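Reviewing the structure listed below.
Read-outs: derived from the displayed coordinates by stated rules, not from any lab. Just so you know, these numbers come straight off a predicted model, no measurement behind them. All Cβ positions, glycine included, derive from the backbone under ideal geometry; neighbour counts span all protein chains shown.
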Amino acid sequence: MKILMTTSEAVPFAKTGGLADAVSALSLALASLGHDVRIVMPRYYGIDREKLEALEGPLGVHVGGGEEWSSVYRSRLPPPHGADEQGPEIPVYFIDHEIFFGRDGVYGTPSEPDFSDNPRRFSFFSRAVFQLCRKIGWYPDILHAHDWPTALVPVMLRFGEKTDGFANTKSVLTIHNLGYQGVYSKESFPYTRLPWDIFKVAGFEDWDRMNLLKAGLVCADRLTTVSPTYAEETKTAAYGFRLDGVLRARSADYAGILNGIDADVWNPRKDPTIPSRYDPDDLSGKAVDKAALQKEFGLPVDPDIPVIGMITRLTDQKGVGELFGASYGSAWSICADMRVQMVILGSGEKWCENELRSLASRLPNLRATIGYNERLSHLIEAGADFFLMPSRYEPCGLNQMYSLAYGTLPIVRCTGGLADTVENFDQETGDGTGFMFDDLTPRAIYDTVGWAVWAYYNKSELIGRMRSRAMRKDFSWVRSARKYADLYESLS
Ligand code: ADP
Ligand code: GLC
């Protein structure tokens, strides 16, 4: 089948979160099953034009009352580093438009987190997707959109674009995070070039504003999200971010398909970025990595102290208030009461970055690096004993799967993809791959970390067995890609 991924992010070109990993890895896995998969995304300022191939001629895109002109560049998805063989060819098309994308930031900047012209930027991009296909004479069977930035693609397909080569094209919209919906003033609606009379039927209406994701959820032929548990949760008021009703109404067309991980990049057997490689039968290399991690973060190098790692966006979704909130967060008492070391890598909300700096200056056993750092993220996954992820909600979550692959036992709240990938420790049988709790409270985090630390000191043999078991879990993308392929085929 011919599949076009329409996305605002894809590694290695642009990434703000797991969406970028998921889109590229899913594309690679689908291509390895024999499908013709291509990706289209904006050419942001940071993506060097010199390294891309320019397509001849401009691309005219009808938006607002006129036409915008852009150029198109082309590249291909590189095979994942460390891959043994050349992967399948996946063309990536870049829509270049200086005014919309020639600036820092994908959706915004620290001082302006949501660019005020985002509805225009992504209306333009969504329209450009159709023009691109016409230009290259390649019409997909499936247009696969991801999250609010490309949610207009299924809407445009249904209302107006289903002509010429698109007559048989079907659309799929994947929710990676329901917390971001792209809600803007209705004044931007005419820019989409969709007629006003569809505003309500297409699902845009949101308390007199325009909700891009909601319209996509109403108009796409099929909906998916990134784990089965999150698919169920999003149909409830507690997790639905006001769209639970829409999702309930579409539940026959809505499924959860778990993300995979890229086993060429996240694999302790061959990870070139970590000091020592290891496998489930011999974890001695992990001890070397632990020492390197402790050294890197300026902690005493001690093989017997459990190290708890975290790599995260510092935002409410990730439970950072309950963990790091001044005076009530549990990180302080965890580090003060328990014989542990904590290493945190993250960036995000300013209050939280400041709080982390302050905790690190007062606690000898807590270290934080504020920023984004791929190499350090691999070292933490390899060197830590436990990985903490107390998410308020988690559509899928990649880090707990990376942790399992590296034998680093996740301590997680039982929600979304965390519930679908981690199995709780059973003290009687020794079963499980991690430690889980239900309520997002500082107390529950404290108790569960305490439980893991207790097991580390008192049940070391069971912990060793859990590590090997975790490392043998299969989270390969191919399994998930088959489910997407089945879904696409059911539409044709
Ligand atoms: P989300 O997309 O909600 O942030 P995921 O767990 O799905 O959560 O994906 C997060 C991705 O971003 C992972 O690949 C993770 O390693 C990476 N990541 C997050 N913060 C950092 C950071 N500060 N440095 C390096 N990688 C990070
Ligand atoms: C989102 C979610 C995360 C998921 C990722 C990729 O960023 O927050 O849970 O893993 O998308 O699907």
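Observations
- Listed residue (Cys414, Asn177, Trp138) projecting farthest to the positive dipole end of the chain, Cβ model: Trp138
- Residue-normalised convex hull volume from the C-alpha trace of the chain: 146 Å³ per residue.
- Look at Asp431, Asp221 and count the other Cβ atoms within 10 Å of each Cβ; fewest to most, that gives Asp431, Asp221.
- Share antiparallel - DSSP beta bridges, the chain, percent rounded to 5: 30
- Residue order, fewest to most surrounding Cβ atoms within 10 angstrom, among Thr6, Thr429: Thr429, Thr6
- Charge sum, other residues only, whose C-beta stays under 15 Å from Glu322's C-beta, Lys/Arg counted +1 and Asp/Glu -1: -3
- Placing R0 at 35 angstrom, the Cβ-Cβ distance between Asp438 and Trp207 gives a FRET efficiency of 0.60 after rounding to 0.05.
- Distant-in-sequence amide contacts of Thr224, defined by a placed amide H-H separation under 5 Å and a gap of 5 or more residues or a different chain, comprise Leu173, Thr174, Ile175, Ala255.
- Hypothetical label at Asp302: residues of the range 333-363 whose amide nitrogen lies under 15 Å (7 Å Cα-Cβ projection): 335-343, 363
- Cross-link partners of Lys459 among aspartates and glutamates, defined as those whose alpha carbon lies under 20 angstrom from its own and excluding same-chain residues fewer than eight positions apart: Asp281, Asp282, Asp302, Asp304, Asp337, Asp385, Glu423, Asp426, Glu428, Asp431, Asp447.
- Computed about the Cα centre, the dipole magnitude for the range 431-492 is approximately 300 debye when only Lys and Arg (+1) and Asp and Glu (-1) carry charge, each at its Cβ.
- The calculated FRET efficiency for the pair Ser116 and Leu33, based on their C-beta separation and a Förster distance of 51 Å, comes to about 0.80.
- Packing-based order for 185-195, 260-270, using average beta carbon neighbours within 10 Å, highest first: 260-270, 185-195
- Top positive-direction residue, dipole computed over the range 284-471 with Cβ charges, set Val453, Ala470, Gly298: Gly298
- Computed from the alpha carbon atoms alone, the convex hull of the range 110-260 holds 134 Å³ per residue.
- Charge tally in the Cβ shell below 9 Å around Thr408, where Lys, Arg are +1 and Asp, Glu are -1, Thr408 excluded: 0
- Computed [θ] at 222 nm, deg cm²/dmol, the chain (DSSP H ≥ 4; -39,500 (n - 2.57); rounded to nearest 500): -10000 deg cm²/dmol
- Per-residue Cβ neighbour rank within 10 angstrom, fewest leading, Val246, Val288, Val412: Val288, Val246, Val412
- Of all DSSP beta bridges in the range 1-142, antiparallel share, percent nearest 5: 60
- Rounded, prolate or oblate (a/c below 1.5 giving rounded, otherwise prolate when a/b exceeds b/c) for the range 284-471 by Cα gyration tensor: rounded
- Taking amide H positions as modeled 1.01 Å from N, with prolines and chain starts lacking one, the residues under 5 Å from Leu55 and 5 or more places away or on another chain are Val72, Tyr73, Arg74.
- Stokes-Einstein D for the range 26-82, Kirkwood Rh over Cα pairs, 37 °C, 0.692 mPa s (µm²/s): 236
- Point-charge dipole on Cβ atoms (K/R +1, D/E -1) for the chain, about Cα centre, debye to 20: 420
- Protection proxy ranking of 356-368, 455-467 - average other beta-carbon atoms within 10 Å, highest first: 356-368, 455-467
- Nearest-ten-degree value, helix 118-136 long axis tilted from longest Cα axis of the chain: 70
- What separates the Cα centres of the range 408-473 and the range 147-213 is a distance of 41 Å.
- Charged neighbours of Leu55, selected by a Cβ distance under 11 Å, balance to -1 (K, R count +1; D, E count -1).
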